[in-house]
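The values are calculated or read from the model by the stated rules, or taken from the named source; none is laboratory data. Everything numeric here is computed off the predicted structure, so don't read it as measured data. FYI the Cβ positions are ideal-geometry reconstructions off the backbone, even for glycines, and counts take in every protein chain you see.
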Amino acid sequence: MSDVLLQLENLTKRFPGVTALDHVSMDVRRGEVHAVIGENGAGKSTLMRVLAGAEIPNEGRIIFEGREVRFRSPLDAQRAGVAIVYQELSVFPNLSVAENIFANRQPTLTDGLISRRLLHEKACKLMDIFALEFEADVLVRDLSMADRQMVEILRAVSLNPKLLILDEPTSSLTLSEAEHLFELIHRLRETGITVMYVSHQLDEVLRLGDRITVLRDGTYVGTVERAEANEEKLVQMMVGRAVDLYKDYGFHAHKPEVTLRVKGLTREGVFSNVSFELYKGEILGFAGLVGSGRTDVAQALFGLQPITSGEIELLGKPYIPRDPRDAIARGLAYVPEDRKTVGLFLEMTLTDNIIAPQLQRFTRMGLLDDRTARKTTEQYIEQVGIVARGPKQRAMTLSGGNQQKLLLAMWLASKPQVLIVDEPTRGIDVGAKVEIHDMLRHLADEGMSIMLISSELPEILTMSDRIAVMREGKLEAIIPRQEASQELILAIASGVAVGEHNR
Amino acid sequence: MTHSEMAPRSVTSESALHRPYLLLVERRDITLLFTIAIMVLVFSRITPHFWTAMNLGTLGLAVAFNGIVVIGITLLMIAGYNDLAVGSTYGFCAIAVGLLISKGFPVVPGILIGLLLGAGIGCINAFLVIRYNLPPLLATLGTQSVIRGALWLISGGHSIVGLPDSFSRLGQNKLLNLQWPIYIMLVFVIVFDFLLRRSTFLRQLYYIGVNKASARTSGIPVARVISVVYVITAILAAMAGILDGARVGAVYVMSGTGLEFQVITAAVIGGTPLTGGKGTILGSLLGVIIMAMLTNMLNLVGVNMYWQNVMVGAILVAVVALDRIVTPKEVR
């Protein structure tokens, strides 16, 4: 038996107007974790969909286990031994874990009825292999996102696949949840399943992949062994040129004025006694695990969540958050982390999006001044560097990076003095990320105060002047940039080290 | 080459914009006008009674009342909300005004009281939907039944006939051979169409319909906007009901029954999906006209009521299905 499980030769997939895969040739070895990385739109997902039988290639050959295969449907691929877990979860929340794993393939008795006992036993057996911590009979809706992902993966594993494809499995997971997933992947490999792991997160790929294949613009760039790979090399392959991914911006002295002073801010059961000061021209990073209360504090300041107690001073005036409208009027802006569900208006035009937070400013005698709105939009498209055909283009037709820039533009156009950004570069390509970093630094240098919430430690470390670390709803420490390190922040964020409240 | 030039690889959008029929999807009003023109041509072929001054007057009147009600429904539907109580509001306020006037109450204050009752009903709907966060369809299904019941209670089940001329003049007086309600409807349609396109307040409905969470984060006062629109919708329904009563010189207890489905159907045909986010008043009016022409035609050729229901329902399903088929996923 050869050690190559899957071989692709000149695989090409065209969509009207676009070649999503352009003569891609690569191979996957039996038993390895093979990571596939590339920017948004590099063709990763299309490739996986072709392998899973969800798309039919226009050209090229797929050789699986030594013979050529043609998958006409997902079922074909499944029968041949290819299972895929897509980025979007497709679990049934109101069914139990066992029912989800064996959905539509429940073990039956001779009379054709489902045997709950057998179902439970089979599920438990499978779950034991992966040492999962939840029971087979709990409802999936009671599970965390990470555990749901595990259920989804188990469902694929229960098909006894030879090749398991995971498409961006960590995109909805927190750091610690992702850890859990990585362990599961290690166990998968031990059981002999070959895994293709699709991601655009460099650190994940470097950690998990035995070999790493890079795609760019629908073409195959190359495959490297993990031992030879590092971040710079991968980025260069992904982007096609050398990019300084995390520029060290250095410490920037802020102005002496405090723009936002928060004292003892508490929301019962969510966060408590949060106090900090934000200076003019400063970037204050907020680090912590997802769920540590960073987003909740930000939303509370913006009037999207209630507060139980605490005092806030905004630009020298006492401030009690009421609603976003009031917050915007007072010079506060909040760029939410999820641009698709709570950020943008995807079906609307760029102009509609840009003016949304400040409709009043574009109103003359009750009517919307479309000309000023369009001019402002053009100005911000230019300033933020959105690649678009014009102000009338719809937001949904922009790439992820450009959507994120649009979201920023929308809030910059409201001319805030205090800007809260929540995960400003999640899920966007490397180039756009660097541009957004540059922009934020520039805005701070011009005197804007920025609260930067990020789960990416390198981002926090290179961007921030000071770093606030939150854990379980409490602000544990504020560390000056010079003393901060990835280890220290992680230690405080996970409760290993107790942070001193030094300023 | 910068990264950004190669980043956008959305497979669908660009190519979709080159498909010409998409223009028709985007410019729904043109498609509708075209449909109406074809219907006129075909209908006048089928029967000589269609394209006559008298029938067009009847048609205009039929459009007038639903045309007023559809304005409010469209506003709500664009924001992703709905009001199933417009039909009973229409009937209830008309009956109330009829009762007052038939008991000798002066006409103008009587009508004002009717409109105020409408406003009150709108407040109740808004309260249930906004304050208690009830699903709009369920909440207004409830108020629909309550109001219809109240109508039967205050009227004792009797229609109110023989209303004075001072009242019925409102619905019967003519200008250029067309009754006043037609002009009233046109004025409201033009005003609201303009406001929906241009005014900041009503444009907020699109934002709410496209993404309520984003709207909230952007500081759009969702609760206030929706409440106001519920009140507008109910007042318009009340006004249409009262005008309908004036036109006949009588108010029937069945007045407005099933009206909510007629106007929702018209709005959907006119390009406002139940999920909200798009739609225009003009489109909805064209939807009302199409529905009215169809009913009118079926009446002229003597198709019975039951078959008419079957056909109207079938057309609604066909339009929605056609929308799904021709609209590419990314424009939906």
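Here are some conditions: (1) over 27 Å from B:Tyr81 (Cα atoms); (2) touching a Phe, Trp or Tyr at 6+ places or on another chain (Cβ under 7 Å); (3) surrounded by fewer than 15 Cβ atoms within 10 Å (Cβ to Cβ). B:Val326 meets all but one. Which one does it not meet?
(1)
Return yes when A:Val97 is at pLDDT 80 or above and either of a type in the set (D, E, K, R) or farther than 30 Å from A:Phe64 by Cα (or both) and no when it is not.
Answer is yes for this residue.
How about segment A:65-79: which of its residues are surrounded by fewer than 22 Cβ atoms within 10 Å (Cβ to Cβ) and either assigned to a strand (DSSP E or B) or not small (Gly, Ala, Ser) (or both)? Can you show your working first?
We begin by selecting, within segment A:65-79, every residue surrounded by fewer than 22 Cβ atoms within 10 Å (Cβ to Cβ); these are A:65-70, A:72-76, A:78-79.
Correct list: A:Glu65, A:Arg67, A:Glu68, A:Val69, A:Arg70, A:Arg72, A:Pro74, A:Leu75, A:Asp76, A:Gln78, A:Arg79.
Which numbered condition in (1) modelled with pLDDT under 85; (2) within 21 Å of the chain's Cα centre (by Cα); (3) in a helix (DSSP H, G or I); (4) away from chain B (no Cβ under 14 Å) is the only one that A:Leu206 fails?
With (1) modelled with pLDDT under 85; (2) within 21 Å of the chain's Cα centre (by Cα); (3) in a helix (DSSP H, G or I); (4) away from chain B (no Cβ under 14 Å) applied to A:Leu206, the lone miss is (1).
Please work out which residue is nearest to the chain's Cα centre (by Cα), limiting yourself to segment A:404-430 and to residues that are farther than 30 Å from A:Lys255 by Cα and facing chain B (nearest Cβ under 10 Å).
Selected residue: A:Ile428.
Which of the residues that make up segment A:381-405 are over 19 Å from A:Val434 (Cβ atoms) and surrounded by 24 or more Cβ atoms within 10 Å (Cβ to Cβ)?
Answer for segment A:381-405, where residues must be over 19 Å from A:Val434 (Cβ atoms) and surrounded by 24 or more Cβ atoms within 10 Å (Cβ to Cβ): just A:Ala395.
Any residue at all in segment A:408-428 that's farther than 23 Å from A:Lys247 by Cβ, in a helix (DSSP H, G or I) and in contact with a Ser or Thr (Cβ under 7 Å, 6 or more places away or on another chain)?
So far as segment A:408-428 goes, no, none of its residues is farther than 23 Å from A:Lys247 by Cβ, in a helix (DSSP H, G or I) and in contact with a Ser or Thr (Cβ under 7 Å, 6 or more places away or on another chain).
Could you list all residues from segment A:465-487 that are surrounded by fewer than 18 Cβ atoms within 10 Å (Cβ to Cβ) and more than 14 Å from A:Arg294 (Cα to Cα)?
Scanning segment A:465-487 gives A:Pro480, A:Gln482, A:Glu483, A:Ser485, A:Gln486, A:Glu487.
Considering only segment A:341-363, state which residues are more than 9 Å from chain B (Cβ to nearest Cβ), surrounded by fewer than 20 Cβ atoms within 10 Å (Cβ to Cβ) and not β-branched (Val, Ile, Thr).
Across segment A:341-363, the qualifying residue is only A:Arg361.
Restricting the search to segment A:149-172, which residues are in a helix (DSSP H, G or I) and in contact with a helix residue (DSSP H, G or I) (Cβ under 6 Å, 6 or more places away or on another chain)? Please lay out each step first, then the result.
Just the residues of segment A:149-172 that are in a helix (DSSP H, G or I), to begin with: A:149-157.
Across segment A:149-172, the qualifying residues are A:Val151, A:Leu154, A:Arg155.
Of the numbered conditions (1) modelled with pLDDT of 85 or more; (2) in a helix (DSSP H, G or I), A:Glu121 fails exactly one; give the number of that condition.
(1)
Is it true that A:Glu446 is closer than 22 Å to A:Ala333 by Cβ, away from chain B (no Cβ under 14 Å) and surrounded by 21 or more Cβ atoms within 10 Å (Cβ to Cβ)?
It is false that A:Glu446 is closer than 22 Å to A:Ala333 by Cβ, away from chain B (no Cβ under 14 Å) and surrounded by 21 or more Cβ atoms within 10 Å (Cβ to Cβ).
What residue, of A:Ser449, A:Ser399, is within 23 Å of A:Gly316 (Cα to Cα) and either hydroxyl-bearing (Ser, Thr, Tyr) or without any contact (Cβ under 8 Å) to a residue 12 or more places away in the chain (or both)?
Of the residues listed, the single one that is within 23 Å of A:Gly316 (Cα to Cα) and either hydroxyl-bearing (Ser, Thr, Tyr) or without any contact (Cβ under 8 Å) to a residue 12 or more places away in the chain (or both) is A:Ser449.
For segment B:149-167, does any single residue satisfy the condition of being surrounded by 18 or more Cβ atoms within 10 Å (Cβ to Cβ), in contact with a strand residue (DSSP E or B) (Cβ under 7 Å, 6 or more places away or on another chain) and under 15 Å from B:Ser255 (Cα atoms)?
Yes, segment B:149-167 contains a residue that is surrounded by 18 or more Cβ atoms within 10 Å (Cβ to Cβ), in contact with a strand residue (DSSP E or B) (Cβ under 7 Å, 6 or more places away or on another chain) and under 15 Å from B:Ser255 (Cα atoms).
Please give the number of the condition A:Glu313 fails out of (1) more than 7 Å from chain B (Cβ to nearest Cβ); (2) surrounded by fewer than 17 Cβ atoms within 10 Å (Cβ to Cβ); (3) in a helix (DSSP H, G or I).
Of everything listed in (1) more than 7 Å from chain B (Cβ to nearest Cβ); (2) surrounded by fewer than 17 Cβ atoms within 10 Å (Cβ to Cβ); (3) in a helix (DSSP H, G or I), A:Glu313 misses just condition (3).
How many residues does segment A:4-17 hold that are of a type outside the set (Phe, Trp, Tyr) and either surrounded by 24 or more Cβ atoms within 10 Å (Cβ to Cβ) or without any contact (Cβ under 8 Å) to a residue 24 or more places away in the chain (or both)?
Here the count works out to 2.
Of everything in segment A:28-64, what is hydrophobic (A, V, I, L, M, F, W, C) and assigned to a loop (DSSP other than H, G, I, E, B)? Give them in sequence order.
Residues satisfying the conditions are A:Ala42, A:Ala52, A:Ala54, A:Ile56.
Every residue in segment A:81-118 that is surrounded by fewer than 15 Cβ atoms within 10 Å (Cβ to Cβ), among the β-branched types (Val, Ile, Thr) and not in a loop (DSSP other than H, G, I, E, B), please.
A:Thr108, A:Ile114, listed by residue number.
Take segment B:201-231 and flag every residue that is among the aromatic types (Phe, Trp, Tyr), within 18 Å of the chain's Cα centre (by Cα) and at the interface with chain A (Cβ under 10 Å from one of its Cβ atoms).
If the condition is that a residue be among the aromatic types (Phe, Trp, Tyr), within 18 Å of the chain's Cα centre (by Cα) and at the interface with chain A (Cβ under 10 Å from one of its Cβ atoms), then B:Tyr206 is the only one that fits.
More than 13 Å from every other protein chain (Cβ to nearest Cβ) and of a type in the set (Lys, Arg) - does that describe any residue in segment A:316-335? Before you say what the answer is, go through the steps one by one.
First pass over segment A:316-335, keeping only residues more than 13 Å from every other protein chain (Cβ to nearest Cβ): A:316-320.
Next cut, of a type in the set (Lys, Arg) only: A:317.
The answer is yes, given that some residue of segment A:316-335 is more than 13 Å from every other protein chain (Cβ to nearest Cβ) and of a type in the set (Lys, Arg).
Under the condition of being within 30 Å of the chain's Cα centre (by Cα) and among the small types (Gly, Ala, Ser), which residue from segment A:298-324 is nearest to B:Ala215 (Cα to Cα)? Outline the logic, then answer.
Here is the first cut: in segment A:298-324, the ones within 30 Å of the chain's Cα centre (by Cα) are A:298-307, A:321-324.
Filter once more, keeping what is among the small types (Gly, Ala, Ser): A:298, A:300, A:303.
Numbers: A:Ala298: 17, A:Ala300: 17, A:Gly303: 14 Å.
The residue in question is A:Gly303.
Say whether the condition of being small (Gly, Ala, Ser) and surrounded by fewer than 15 Cβ atoms within 10 Å (Cβ to Cβ) is met by at least one residue in segment B:47-69.
Checked segment B:47-69: at least one residue is small (Gly, Ala, Ser) and surrounded by fewer than 15 Cβ atoms within 10 Å (Cβ to Cβ).
A quick yes/no check of all residues on (1) in contact (Cβ under 8 Å) with a residue 60 or more places away in the chain; (2) buried (at least 24 other Cβ atoms within 10 Å of the Cβ):
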{"site": "A:Phe276", "(1), (2)": "yes, no"}
{"site": "A:Gly281", "(1), (2)": "yes, no"}
{"site": "A:Phe286", "(1), (2)": "yes, yes"}
{"site": "A:Arg294", "(1), (2)": "yes, yes"}
{"site": "A:Thr308", "(1), (2)": "no, no"}
{"site": "A:Pro318", "(1), (2)": "no, no"}
{"site": "A:Asp326", "(1), (2)": "no, no"}
{"site": "A:Arg330", "(1), (2)": "no, no"}
{"site": "A:Ala333", "(1), (2)": "yes, yes"}
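Please go through segment A:22-43 and pick out each residue that is surrounded by 23 or more Cβ atoms within 10 Å (Cβ to Cβ) and within 11 Å of chain B (Cβ to nearest Cβ).
Within segment A:22-43, A:Gly38, A:Glu39, A:Gly41, A:Ala42, A:Gly43 meet the criteria.
Please state which of the following conditions A:Thr376 fails to meet, knowing it meets all the rest: (1) out of contact with any strand residue (DSSP E or B) (no Cβ under 7 Å at 6 or more places or on another chain); (2) at the interface with chain B (Cβ under 9 Å from one of its Cβ atoms).
(2)
Return the residue satisfying two criteria in turn: it lies in segment B:243-253 and is in a helix (DSSP H, G or I), among the hydrophobic types (A, V, I, L, M, F, W, C) and in contact with a Phe, Trp or Tyr (Cβ under 9 Å, 6 or more places away or on another chain), and of such residues it is surrounded by the most Cβ atoms within 10 Å (Cβ to Cβ).
Across segment B:243-253, the extreme among qualifying residues is B:Ala246.
Scanning segment B:184-200 for residues that are aromatic (Phe, Trp, Tyr) and either surrounded by fewer than 21 Cβ atoms within 10 Å (Cβ to Cβ) or within 10 Å of chain A (Cβ to nearest Cβ) (or both), which turns out farthest from B:Gly271 (Cα to Cα)?
That would be B:Phe188.
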